[in-house]
1. Could you give the spread of the C-alpha atoms of the stretch 50-103 along their three principal axes, from largest to smallest, in whole angstroms?
2. Would you mind checking the radius of gyration and Dmax of the chain based on alpha-carbon positions, in Å?
3. Exactly which chymotrypsin sites (Phe, Trp or Tyr not before Pro) in the stretch 1-63 are in a DSSP loop and have at most 14 other Cβ atoms within 10 Å?
4. To the nearest 0.05, what FRET efficiency results for LYS67 and SER17 with a Förster distance of 41 Å applied to their C-beta separation?
5. Among 73-79, 6-12, 42-48, how do they line up from the highest to the lowest mean number of other beta-carbon atoms within 10 Å?
6. Please work out the C-alpha center-to-center distance from the stretch 65-79 to the stretch 31-46 and express it in whole Å.
7. Convert 20 °C to kelvin, take the viscosity as 1.002 mPa s, use the Kirkwood radius over C-alpha pairs of the stretch 1-78 as Rh, and evaluate the Stokes-Einstein diffusion coefficient in µm²/s, rounded to a whole number.
8. Sum -39500 (n - 2.57) across every DSSP H segment of at least 4 residues in the chain, then divide by the residue count to get the 222 nm mean residue ellipticity, nearest 500.
Amino acid sequence: MIFLFIMIFPGLFIANSETKGRGVFSSQDIPMQTIIEISPVIVMSSAERILLDQTLLHDYIFEWGNKKDQCCMALGYLAVYNHSYLANCEYEMDFEKASVLIRTVRNIVAGEELLINYNGDWNDKKPVWFDAK
């Protein structure tokens with residue numbers, strides 16, 4: 001049996017972002033390569049994903065599974081991290097443990113918004129669904 005817990009780095013908080021609604025910020029400096037969150041997820045089937053894609057939750061779920069035909073809803077702060085093509089954090093999915101780990105890819109300054117790249121790789125410049133034309 002696997003026991004999984006939510007781990008959120010001390011000093012993280014949710015606040016309004018200048019242009020992106022709510023986002024995740026840090027009240028303290030954080031060194032590069034620091035794990036700042038481990039978020040358990042609720043995994044849903046491909047049929048449930050089709051239904052969720054028709055709702056506002058579409059913007060808050062992640063593709064899931066080796067075939068990316070499932071989806072998941074993250075617990076913790078994960079669903080609130082905003083997107084950037086030059087993100088300061090990266091995420092790593094663990095399908096076996098049904099969790100997502102967030103790690104900084106550079107030093108973070110207190111007050112800075114923590115950003116992930118919704119493409120999966122922190123510096124992937126491929127347009128995401130809301131930027132695709």
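1. If we take the Cα atoms of the stretch 50-103, the spans are 32, 26, 21 Å.
2. For the chain, the Cα-based Rg and Dmax read 14.6, 45 Å.
3. PHE3, PHE5, TYR60
4. So, using R0 = 41 Å, E works out to roughly 0.80.
5. Listed from highest to lowest mean packing, they are 73-79, 6-12, 42-48.
6. For the stretch 65-79 versus the stretch 31-46, the Cα centre distance is 9 Å.
7. Values: Rh = 14.5 Å.
Answer, rounded: 148 µm²/s.
8. Roughly -1500 deg cm²/dmol at 222 nm, from the helical runs in the chain.
Read-outs: derived from the displayed coordinates by stated rules, not from any lab. As the structure is a computational prediction, the values presented were derived from the model and not from experiment. Positions of Cβ are generated from backbone atoms using ideal geometry, with glycine treated the same way; all protein chains shown enter the neighbour counts.
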